[in-house]
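Peer 1: What follows is a structure written as structure tokens; I'll ask about it next.
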Amino acid sequence: MTSDDISTEEMLRANERNWDARTPVHAASAFYGLDGSRTAEDWFAPFEWDDLGELGGRDVLHLQCHLGTETHAFADRGAAHTVGLDFSAAAVERARTLAAERGRAVEFVRADVHRAVEALGGRRFDVVYTGKGALCYLPDLTAWADVVRRLLRPGGILYLVEFHPLLNALGPVPAPGAEELLLRHDYLEGRGPVRRDNPRTYTDGPPLREAVTSYEWRHGLGATVGAVIGAGLDVEVLRETDLLPWPRLDTMVRDPSGWWRLPDAEPRVPHMFALRARLRGPGHGGS
């Protein structure tokens, strides 16, 4: 745990610098496959499209979109307008370049998620999508959920697909030389941010040369769901899955969906969760 005597705002700025430094490494990595070896659809589990439903004619906002590798999928599936938002200037610049190179009409906006309402000029959306490594960089989910509420049109949905807090408690990657599923970190929030000083990121490629410090916050499943409900959204779907988009352990095997899971002989534990919640509006009752 960190003992740094710095403000939350300073920690968020450190994260911004860290993600700026990560961007060229990620953009060149085989993990992201921006050379065309991976498609936007590769980043989605089949259940996500079932939960999202028809996107034709809908306005979609992707919060904390990084390079926009997932964002393009919404446009490909017929969204009327797709917007990606991220706090990293380097990532947004790369996302805009990639969209132009591929001829995709996707808008990318640079802003901290906490200031998304102002950055987007008060626009509202039918779908706000986020996740897969996003929430751990947010210090206050109550404030985040309120931002999401103000970004949604009445009847619009938040769809969150995120690494399960149990996976984060096990560690997003194993300790060196360890293949066992062992609890290594807190599951629940409440003990402040975790400071990381690591030149390596989760992708292949060279180590970072600068800005190696980042901060993460723990959020249990109950705290996440509670923040969404507290913001006035009705939870319609909550699912847990043992699938991952990458093999966390060498023993993992490919699922027919193309994602990864532990073999049948291993315990079944949740690696990700998905939540769909709706902002109540005309024609929508309670959950």
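The values are calculated or read from the model by the stated rules, or taken from the named source; none is laboratory data. Keep in mind it's a predicted model, so treat the numbers as computed, not measured. Cβ: placed from backbone, ideal geometry, glycine included. Neighbour counts: every protein chain shown. The accessibility values were calculated without ligands, DNA or RNA, using every heavy atom of the protein model including side chains. Shrake-Rupley method; radii C 1.70, N 1.55, O 1.52, S 1.80 Å.
Peer 1: Please figure out what share of the DSSP beta bridges in segment 141-287 is antiparallel and state it in percent, rounded to the nearest 5. Could you put the intermediate results ahead of the total?
Peer 2: Details: 22 of 22 bridges.
Antiparallel bridges make up about 100 percent of those DSSP assigns within segment 141-287.
Peer 1: Here's another thing I want to ask about it. Under 5 Å between amide hydrogens, which residues at least 5 positions from CYS65 or on another chain qualify, with H placed 1.01 Å from N in the peptide plane?
Peer 2: LEU85, ASP86
Peer 1: Going 7 Å from the Cα of THR8 in the Cα-to-Cβ direction, what parts of segment 190-224 have a backbone nitrogen less than 20 Å from that spot?
Peer 2: Output list for this probe position: 190-196, 214-224.
Peer 1: At a 1.4 Å probe radius, carbon and sulfur cover how many percent of the accessible area of segment 163-270? It would help to have the intermediate numbers written out before the result.
Peer 2: Details: 3190 of 5920 Å².
Carbon and sulfur: 54 percent of the exposed surface of segment 163-270.
Peer 1: Right, next: When only C-alpha pairs under 8 Å and at least 6 residues apart count, what is the relative contact order of the chain, in percent?
Peer 2: 20 percent
Peer 1: Now, a different point. Charges only on Cβ, +1 for Lys and Arg, -1 for Asp and Glu: so what's the dipole of the chain about the Cα centre, in debye to the nearest 20? Provide the component values of the computation, followed by the final result.
Peer 2: Values: 33 positive and 42 negative charges, 111 e Å.
Magnitude of the dipole: close to 540 debye.
Peer 1: What's the extension gain from ASP50 to ASP186 if we count 0.36 nm per residue and subtract their Cα-Cα distance? Numbers along the way, then the final one.
Peer 2: Numbers: separation 136, 0.36 × 136 = 48.96 nm, distance 3.19 nm.
Gain on extension, ASP50 to ASP186, equals 45.8 nm.
Peer 1: Explain nothing, just compute: Karplus ³J(HN,Hα) = 6.51 cos²θ - 1.76 cosθ + 1.60, θ = phi - 60°, for every residue of segment 22-27 in order, whole Hz, x for Gly and Pro.
Peer 2: 5, 4, x, 5, 5, 5
Peer 1: In Å and from the alpha-carbon atoms only, list the Rg and Dmax of the chain.
Peer 2: For the chain, the Cα radius of gyration and maximum Cα-Cα distance read 18.3, 55 Å.
Peer 1: With a 1.4 Å probe and all protein chains left in place, how much of the accessible area of segment 34-85 comes from carbon and sulfur atoms, in whole percent? Write out the running numbers ahead of the final one.
Peer 2: Details: 770 of 1730 Å².
So the carbon and sulfur contribution to the accessible surface is 44 percent.
Peer 1: Sticking with this structure for a sec: Using square roots of five times the C-alpha gyration tensor eigenvalues, list the equivalent-ellipsoid semi-axes of segment 16-166 in whole Å, biggest first.
Peer 2: They are 21, 19, 16 Å, listed from largest to smallest.
Peer 1: Please list, in order along segment 217-229, the HN-Hα scalar couplings obtained from phi with the Karplus expression 6.51 cos²θ - 1.76 cosθ + 1.60 (θ = phi - 60°), rounded to whole Hz, x for Gly and Pro.
Peer 2: Once rounded to whole Hz, the list reads 10, 7, 9, x, 4, x, 5, 5, 5, x, 5, 5, 5.
Peer 1: Same structure, new question: Sort out the exposed loop GluC sites (Glu not before Pro) in the chain (DSSP loop, at most 11 other Cβ within 10 Å) and tell me the longest stretch that has none.
Peer 2: 55-178
Peer 1: Could you tell me which of GLY190, TRP49, PRO154 has its Cα farthest along the dipole of the chain towards the positive end, charges placed at Cβ (Lys, Arg +1; Asp, Glu -1), taken about the Cα centre?
Peer 2: PRO154
Peer 1: Keeping all protein chains in place, calculate the accessible area per residue for segment 124-214 (probe 1.4 angstrom), answer in Å². Don't skip to the answer; put the middle values down first.
Peer 2: Details: 4200 Å² over 91 residues.
Result: 46 Å² of accessible area for each residue.
Peer 1: With every protein chain kept in place and ligands, DNA and RNA left out, what is the accessible area per residue of segment 1-106? Probe 1.4 Å, answer in Å².
Peer 2: Roughly 41 Å² per residue, with all protein chains present.
Peer 1: In deg cm²/dmol and to the nearest 500, what is the mean residue ellipticity at 222 nm of the chain if only DSSP H runs of at least 4 residues count, each as -39500 (n - 2.57), divided by the residue total?
Peer 2: The helix contribution divided over the chain gives -8000 deg cm²/dmol.
Peer 1: What is the Å³ per residue value for the convex hull set by the Cα atoms of segment 135-287?
Peer 2: Once divided by residue count, the hull of segment 135-287 is 148 Å³.
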